[in-house]
Amino acid sequence: MAFFCVIISMYGGGFATVPAYLADIFGTKMVGAIHGRLLTAWSVAGILGPVIVNYIREYQLDHGIARASVYNITMYILAGLLAVGFVCNWLVRPVPEKYHMKDDPADAAPKPSAAIAKDAVADAPDANPTIVVLAWAAVWIPIGWGVWMTLTKAVVLFR
């Protein structure tokens with residue numbers, strides 16, 4: 001229990017240091033975008049982890065595994081996922097310094113709003129509408145499923 005309390009007490013500190021860690025690894029220019037992706041991955045793991053555990057548990061109970069043993073396989077699967085995450089983190093390399101944001105006084109001078117808008121249009125990549133729709137579907141389908149499941153369970157509880 002003491003180890004659990006120590007780990008839980010570190011959660012906020014780890015969460016608070018992520019932007020600084022990302023800036024050290026990737027530079028400050030794209031920290032906002034990378035941090036958003038990291039939080040998305042973190043939240044997907046927070047949703048999928050318990051769902052995976054629950055499905056494996058139900059599967060094992062349906063196949064006659066004793067209640068005391070239903071989490072044995074689950075822990076091996078979660079340990080494997082943890083190992084995959086460790087390898088993925090180990091493979092991340094810092095971005096070369098030439099891509100880091102520089103302190104250039106010329107960049108600090110304010111630009112007219114028309115020039116900013118022109119630069120934004122010129123720098124914008126051409127987005128394939130099919131990929132955009134698929135990307136948003138990949139986000140909203142799981143969220144919609146989660147909301148639907150929550151509402152159906154809530155209706156059963158409050159009937």
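The values are calculated or read from the model by the stated rules, or taken from the named source; none is laboratory data. Because the structure is a prediction, the values reported are computed rather than measured. Note: ideal-geometry Cβ built from the backbone for every residue, glycine included; neighbour counts use all protein chains shown. We work out accessible area using only protein heavy atoms, side chains counted, and drop any ligands, DNA or RNA first. Shrake-Rupley method; radii C 1.70, N 1.55, O 1.52, S 1.80 Å.
Need one value: the accessible area of residue 9 in square angstrom, 1.4 angstrom probe, rounded to the nearest 10.
Here the accessible area works out near 90 Å².
With a 1.4 Å probe and all protein chains in place, put 63, 35 in order of accessible area, largest first.
63, 35
Using label points projected 7 Å from each Cα along Cα→Cβ, tell me how many nm separate residue 158 and residue 91, to one decimal.
4.5
Nearest 0.05, what FRET efficiency do residue 16 and residue 65 give at R0 = 25 Å with Cβ-Cβ as r?
0.05
Tell me the accessible surface of residue 26 in square angstrom (1.4 angstrom probe, heavy atoms of protein chains only), to the nearest ten.
60
Order the following by accessible area, largest value first: 145, 42. Probe radius 1.4 Å; ligands, DNA and RNA are ignored.
Ranked list, largest accessible area first: 145, 42.
How far, in nm, would the chain grow between residue 77 and residue 128 when pulled straight, counting 0.36 nm per residue and subtracting the alpha carbon separation?
Taking residue 77 through residue 128 to full extension adds about 14.7 nm, to one decimal.
Ignoring ligands, DNA and RNA, how do 62, 126 rank by accessible area with a 1.4 Å probe, largest first?
126, 62
Could you provide, to the nearest whole Å², the per residue accessible area of segment 27-75 with probe 1.4 Å?
70
Can you give the FRET efficiency to the nearest 0.05 for residue 2 and residue 35, using r as the Cβ-Cβ distance and R₀ = 25 Å?
According to the calculation, E is roughly 0.20.
Extending each Cα 7 Å along its Cβ direction at residue 9 and residue 42, get the distance between those two points in nm, one decimal.
In this crude spin-label approximation the distance works out to 2.0 nm.
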